[in-house]
Structures are given as structure tokens and as C-alpha cells.
Amino acid sequence: MRLATAFSLVVVTGLAAVPDTALAAPAIRLAAPAKLQAADVPGSVDYLTKKYGISVDEAIRRLELQQTAGALQEVLARDYADTYAGAWIDQENGGVLAVASTAAGALAPALSAIPDRDHIRVVAARHSLKELEAKAADVSARLGLKPAQAPVINARENRVELYHEAAAAARGSADRLAAAADPDVAVVDSPPMTNAACEITWCPTPMRGGVRLEFFDSKKRQLYKRCTNGFNVKDTNGWEYTLTAGHCLEGEEYFSKHTNAFVGHWDADTYFAGYPIDAALMPYVTIGSYEYVKYWAQKPRNMVISRNTTQFRITGWWQYKDILNGWVACATGQTSNNTACGEVVKKDGGIWMNICRKLGDSGGPLFSENDHKAYGILSQINNADTGICNEDSLSTYSPVSKILDSFSYGGLTYSLHTTD
């Protein structure tokens, strides 16, 4: 186990009551969200009812509002780019969708026809997302940051934030901070987390998200550790991969097995062990003339284990920037031997969830029951010392979109295998 101490550099801008004299925009029209049944989203409903003491019907309403939020933000980012400042769901205060804007007075009437309008709150913001993105790019350039250190936009606080290695680099570079010419720059510590390093356990084909992967060191010819499979991936050339946490491997001698059958092997081009891009895309093993992809990559290729069933289909994945605080999602891990749900509590380049996970759950999938989309794979936990779950338990996830983008270069791109 390795302790991962994170730092964050915060470029503070802040929400504010902003005078708004703009003319009201025409009403935005969206299709009503798909009607959900409690049986279709059991983990999400269980989480919301227990966490917030609400009814099943209210939990369903909140999950349907989450669907609306996903569609609405696409429209606002496209048609209101100069004023839209981001959104989040405030589960603590009634399951309300908060939409921030620099022209709040004009936007509010435009939302009059949005489904569940009574639970949508327009919040005045000082800076639009467009402005924050420009600020983030400027700070990144001034500090010489790498893509993996990219700034994060915090819509709730209406500010740009830098974390981890980026913050450490900035902290040691007073000249660069001064060059940024921003009086509201601060570096603060984030709570330490532990890599959820390396047990659900034995499943037949096809390969599914949430099953146990046993990692072997071929030089020492011994079991090294156990982690969890995340999602099935393919590239533009048709090659198939499994996706798990990068810290589950340490070099070219590593390969994985499930039910004593070879699965994947370490590949330098698709491996990174540092959060928030803690990932290993492992091509299926070939022994002699036998290709294990023919054994594991059977139809359906896009399933994850969810609440003791292997029939939960993944149909796509969310871009990291579009995942909102307050959204409900679920995670499966082989040590925990279960699926548990929670909500997005923070974004720092990765995704923080109030879901308790255990050592050995690393690499396990984070996904949404209500739209069947992937969010990320497990990287770190904060209860490694005790292994005890409580309401303060947290876990962090490497975003799927960032993982796929970071390994896509030279004309080769990767995607989750969401079709048969």
C-alpha cells in the first residue's frame, strides 16, 4: 500500500449576486426524462432513501432530475456558452438542481418548461464556464502543467482548482504563481487517501466488470495481489482489453488471471499508476497460438455485475467535465463482494464518492443505474487502516473519459466496448 497525499491549488473566484439586465431568453424545450421504476435502480434508491430519509417516490424523482440535468447542461453549454456557469444537484437541500449563470435573471424564465422546474434553482455566478476554462488554460500554461495535471473547474464554488502534482509544483514555484498575476491563488491540503490496492470472485465467460482479477509476477512465478476488473475496452484496430487500476501492476512481468485462465498483460503504452489517471488497459494474453480474447470476449461484452446480477448493461460513458456534483452512481468491488451506491461529493481531476470500498476493490467499475453509463474505476479509499465502513467513508475514481483520452494518440483511440 502507498499513501497518496494530495494537495490542491485553488484559484478562487466565488459565487456572487451579479446584476442582470439581459433580456429573458426563449423557453428551452427538453423531452421528459425516461420514467424509472424502483426495481430498475435499486441501489440508487436504497442509497437516497437511507441517506436522506426520503420516500421511494422522492428518490425516483431525484434520479429522473439527474437525467434532466444531463440533457439540460448540453443545451446550456452549447446555446448559453457566454453565461452558463455549470450545475450540480444539491441532495442535502431537497434534491434540487442548481444551475449557475452570469445572467441568472434572463436564464430563469428560459427554464420554465423544463421537467420538474419546481426543483431547479438558478444561481448567480461571477464567471461563466467559458471564462473559467480560459482561466484554467492560462494558469496551466503559466505553470507548465502536463495534461494529467489539468485544472478542475468547480461549478459550485465558481472557481478553478489544481490538485496533486500540479499543486505541489505550484507550491514550489513562487515565481510561477506570481507570474499568474492572480491575487486569489491559494494552496491547501486535501485529505490523504490510500491506494485501494490489491478480492464476485469466480464467474464464467464473458469477462464482466466487477469480477476478481488475480495478478501474477511471471518472474517470481507467484500471486502478487488481487484487484477488480472495471470495463471492457476496444481500440480502433479491433483489439480488446480489460481495464483496471494502474497501481495493481508494477511492470512488464505482470499478467492477470480469472478462474485460473489468463486474461490480460501489462502494456507500457496503456499504463499509468498515478491518480487521477490510475489505469491499466491490458491486452488479452496470447500463449503460443491461442488467443485468450477468444475465450473471454464473448457476447454480451458490455456487462457489469450489479447487486449480485451479471445482467447490467453499460451503454456508454460520461465525459468527466459533464459529471455533476450530487449525481448518484454505484460501484462494484470483489473484496466488498457487493455493489454500493452514493453520490459525487467532489471533483479534483478524479471523482470522489461517499461509497465505502475495501482493499482489493481497486479497478472496480463506477456506473449509473439510471442511465447505464460508466463514470470511472476505483483508485483510492480512506478507510484502509480499519476496513470499517461508516457514513464518512470516501473513495476516489479515475474518470473513464480521461483514461481513454490519455492513451489515445498516434491515430489510435480507445472506447468502452458498449456494442455486441
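The values are calculated or read from the model by the stated rules, or taken from the named source; none is laboratory data. From a predicted model like this one, the values you see are computed outputs, not experimental measurements. A quick note on method: Cβ atoms are made from the backbone with ideal geometry, for glycine too, and the neighbour counts reach across all protein chains shown.
Values for this structure:
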quantity: Lone qualifier among 321, 299 - being outside any loop (DSSP other than H, G, I, E, B) and not small (Gly, Ala, Ser); calculated: 321
quantity: Of all residues in the range 236-254 being buried (at least 19 other Cβ atoms within 10 Å of the Cβ) and over 18 Å from residue 206 (Cα atoms), the one that is farthest from the chain's Cα centre (by Cα); calculated: 254
quantity: Qualifying residue in the range 384-391 (condition: of a type outside the set (A, V, I, L, M, F, W, C) and touching a Gly at 6+ places or on another chain (Cβ under 9 Å)); calculated: no
quantity: Residue check, residue 108 part of a strand (DSSP E or B), surrounded by 15 or more Cβ atoms within 10 Å (Cβ to Cβ) and modelled with pLDDT of 90 or more; calculated: no
quantity: Count of the range 375-416 residues which are touching a strand residue (DSSP E or B) at 6+ places or on another chain (Cβ under 8 Å), of a type outside the set (S, T, N, Q) and modelled with pLDDT of 90 or more; calculated: 16
quantity: Wholly within the range 121-202, strands (runs of 3 or more DSSP E) carrying at least 1 residues that are at pLDDT 65 or above; calculated: 152-154, 159-163, 193-195
quantity: Pair list, Cβ under 9 Å, 6 or more apart: the range 59-83 residue more than 22 Å from residue 40 (Cβ to Cβ), other residue of a type in the set (S, T, N, Q) and surrounded by fewer than 21 Cβ atoms within 10 Å (Cβ to Cβ); calculated: none
quantity: Residue that is surrounded by the most Cβ atoms within 10 Å (Cβ to Cβ), among those in the range 356-394 that are basic (Lys, Arg) and part of a loop (DSSP other than H, G, I, E, B); calculated: 357
quantity: Selected residue (criterion: surrounded by the fewest Cβ atoms within 10 Å (Cβ to Cβ)) from residues of the range 281-302 that are charged (D, E, K, R) and touching a strand residue (DSSP E or B) at 6+ places or on another chain (Cβ under 8 Å); calculated: 291
